[in-house]
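To start, the structure under review is shown below, and the notes come after it.
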Amino acid sequence: MKRNLSYEKNMDYDVILCKTYNELAGKNTCRYLMEHSISYSLSWLYVPFFLRNWSKGHKEVCVISVNRNDFFQARRSLRDLEERYRKRLIVNRVGA
């Protein structure tokens, strides 16, 4: 009988680090995470017309996700981000 390979339990498990409605803040946050050697994934979510009240009228939301193991390091590194970009982020406080 062939044995199945088992992987680390945190592999391919991303958690949401932050959300933003501002494209410039999203790009600079990604650049900053890359400079600090933190892997991330960036996705733009379309907000339907009737749910735009929830997103303050914006059509898209930028969601930045990081690996579960890098979450706390990424959140600590965001403290050093410039104030004008940091205040436009909605940072997830709950970790993995």
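The values are calculated or read from the model by the stated rules, or taken from the named source; none is laboratory data. This structure is a prediction, so every number in the text was calculated from the model and none was measured. A quick note on method: Cβ atoms are made from the backbone with ideal geometry, for glycine too, and the neighbour counts reach across all protein chains shown. The area values use the complete protein model at the heavy-atom level, side chains included, leaving out ligands, DNA and RNA. Shrake-Rupley method; radii C 1.70, N 1.55, O 1.52, S 1.80 Å.
Laid out as a table, the results:
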quantity: Count of the stretch 12-29 residues which are within 14 Å of D70 (Cα to Cα), open to solvent by less than 60 Å² (accessible area, probe 1.4 Å) and out of contact with any Lys or Arg (no Cβ under 8 Å at 6 or more places or on another chain); calculated: 1
quantity: Residue list for the stretch 49-76, restricted to those being modelled with pLDDT of 90 or more and among the hydroxyl-bearing types (S, T, Y); calculated: S65
quantity: Residues located in the stretch 46-71, provided they are under 12 Å from the mean Cα position of the chain (by Cα) and either of a type in the set (A, V, I, L, M, F, W, C) or part of a helix (DSSP H, G or I) (or both); calculated: V61, C62, V63, I64, V66, R68, D70, F71
quantity: Test: residue in the stretch 7-25 that is on the phi > 0 side of the Ramachandran plot, modelled with pLDDT of 90 or more and assigned to a loop (DSSP other than H, G, I, E, B); calculated: no
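Yes or no, residue by residue, for (1) farther than 17 Å from Y21 by Cβ; (2) open to solvent by less than 60 Å² (accessible area, probe 1.4 Å); (3) touching a Lys or Arg at 6+ places or on another chain (Cβ under 7 Å):
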{"position": "V47", "(1), (2), (3)": "no, yes, yes"}
{"position": "L51", "(1), (2), (3)": "no, no, no"}
{"position": "W54", "(1), (2), (3)": "no, no, no"}
{"position": "V63", "(1), (2), (3)": "no, yes, yes"}
{"position": "D70", "(1), (2), (3)": "yes, yes, no"}
{"position": "Y85", "(1), (2), (3)": "no, yes, no"}
{"position": "R88", "(1), (2), (3)": "no, no, no"}
{"position": "N92", "(1), (2), (3)": "no, yes, no"}
